[in-house]
Amino acid sequence: MLSDVAAQYARPTLGIAAGIAAFLAPPWVPLVLVILLSLRFRAWEVPLIGFLMDLLWLPQLSLQHPPLYTILSLVIVWALEPLRREFLV
Amino acid sequence: MRAAVQMRFQKKDSGMRGLWLATIAVVVLLLADTVSGGMLRAGVRAGAAYLWRISASLETSIAQSGIFSSRRQLAAANAALQEQLDSYRAQEAAQAALVSQNQELQALVHLAQKSPGVTVPVVSSTAPSPYGTFLIGGGSADGIAVGDLVFTADGFAVGRISDMQKSSAVVSEFFAPAATLEAMLANATITLEGQGGENARAQISRALQIRVGDVIVSAAAGGSPVAVVGKVEADPASAFQEIYARVPSNISTVRYVYVRKP
């Protein structure tokens, strides 16, 4: 388990890496980073990173093109809450 | 001990609060972007296009500076460049005559064009998009409209404009993952299923004689070529054969595309 000091640096590092990866890396890279963030932290930046991906790359906002990354990031961060509550704090 | 437990509960509450606020903010921003007709998206993409241009020029500067080259590599590169320079000087004399001829030919090509278009730079990488899209540095200010076709220099249609702002636009690739495209190959209609990375596959009758390199055209691209056959897989026990198609150009290295009306 990460010590508090390590966790203090891990969260901003993962968040910044995921934000940069949204611009430059293949789509699975921010997805992995978002999952790692959500496993350990109640990371408010996860939904924002998912939204950023859709703002950058979504062809059109419509019923045929739903904002999948935004929805996926919200599902990941909230679905992992029971796990965080069980094993953390 | 009690104080430590209390502090942990306070941290947990503020964590939940932050997460709820972020969730609500994302929903509100999404609605605001929809209602405003994509103004938020336009701003973010304009900023991103600017950042990509800066990072591309930084990358070029660092590569050209030779910081990461060893001494031996630099000496070898220097010798090769000197040789290249001598060769270019020799060709320079012949270039002048070719330029003059080219100018005359361009005037003829312009007359022959059925629908004029515009050449625009590709401002984003194609790898990061999960939707098979990329950004170009041209928009409504350049006469581009949603639905316009996008071509590479070799005349292959790679996608169409799906979203647009004043000076940038989003191109949806024909072969985006899970996208389908009706096309013609060897006088037969086929349905290409996008696999991402400018690749697609289709299932066609075994009776058709298909060769690697055959060109596939599509009415959705105004009758223009969209791909070539890269591989054919025929199982003698099956009534069908699988073809794998690809766009000849590597989109990730293309710097300019041509946009015209369908």
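Are any residues in segment A:73-83 of a type outside the set (S, T, N, Q) and buried (at least 18 other Cβ atoms within 10 Å of the Cβ), and if so, which ones?
A:LEU74, A:ILE76, A:VAL77, A:LEU80
For segment B:37-58, state whether one or more residues are modelled with pLDDT of 80 or more, under 30 Å from B:TYR258 (Cα atoms), assigned to a loop (DSSP other than H, G, I, E, B) and among the small types (Gly, Ala, Ser).
Yes, segment B:37-58 contains a residue that is modelled with pLDDT of 80 or more, under 30 Å from B:TYR258 (Cα atoms), assigned to a loop (DSSP other than H, G, I, E, B) and among the small types (Gly, Ala, Ser).
Exactly one of (1) farther than 25 Å from B:VAL146 by Cα; (2) at the interface with chain B (Cβ under 10 Å from one of its Cβ atoms); (3) buried (at least 20 other Cβ atoms within 10 Å of the Cβ) is unmet by A:VAL34. Its number?
The number of the failed condition is (2).
Is there any pair with a first residue in segment B:35-47 that is at the interface with another protein chain (Cβ under 7 Å from one of its Cβ atoms) and without any contact (Cβ under 8 Å) to a residue 60 or more places away in the chain and a second that is part of a helix (DSSP H, G or I) and of a type outside the set (S, T, N, Q) whose Cβ atoms are under 6 Å apart and which are 6 or more apart or on different chains, and what are they?
B:LEU40/B:ASP33; B:VAL44/A:LEU55
Does A:VAL29 satisfy the criteria of being surrounded by fewer than 21 Cβ atoms within 10 Å (Cβ to Cβ), in a helix (DSSP H, G or I) and within 14 Å of chain B (Cβ to nearest Cβ)?
Spelling it out, A:VAL29 is indeed surrounded by fewer than 21 Cβ atoms within 10 Å (Cβ to Cβ), in a helix (DSSP H, G or I) and within 14 Å of chain B (Cβ to nearest Cβ).
Looking only at segment A:2-26, filter to residues that are away from chain B (no Cβ under 11 Å) and assigned to a loop (DSSP other than H, G, I, E, B); which one of those is farthest from B:SER129 (Cα to Cα)?
Ranking the qualifying residues of segment A:2-26, first place goes to A:SER3.
Quick one: would you say A:GLN64 is more than 10 Å from chain B (Cβ to nearest Cβ) and within 22 Å of B:MET39 (Cα to Cα)?
Yes: the conditions hold for A:GLN64.
State whether the residues of segment B:198-207 include one that is of a type in the set (Asp, Glu) and modelled with pLDDT of 90 or more.
no
Look at A:PHE51 and say whether it is buried (at least 20 other Cβ atoms within 10 Å of the Cβ), at the interface with another protein chain (Cβ under 9 Å from one of its Cβ atoms) and over 22 Å from B:VAL28 (Cβ atoms).
For A:PHE51, the condition - buried (at least 20 other Cβ atoms within 10 Å of the Cβ), at the interface with another protein chain (Cβ under 9 Å from one of its Cβ atoms) and over 22 Å from B:VAL28 (Cβ atoms) - is not met.
Kindly indicate which of B:LEU181, B:LEU192 is out of contact with any Gly (no Cβ under 8 Å at 6 or more places or on another chain), more than 14 Å from chain A (Cβ to nearest Cβ) and not β-branched (Val, Ile, Thr).
B:LEU192
For B:GLU242, are the conditions met, namely being among the acidic types (Asp, Glu) and under 23 Å from B:LEU149 (Cβ atoms)?
No: the conditions fail for B:GLU242.
The values are calculated or read from the model by the stated rules, or taken from the named source; none is laboratory data. All values derive from a computational prediction rather than experimental measurement. All Cβ positions, even for glycine, are placed from backbone atoms using ideal geometry, and neighbour counts span all protein chains on display.
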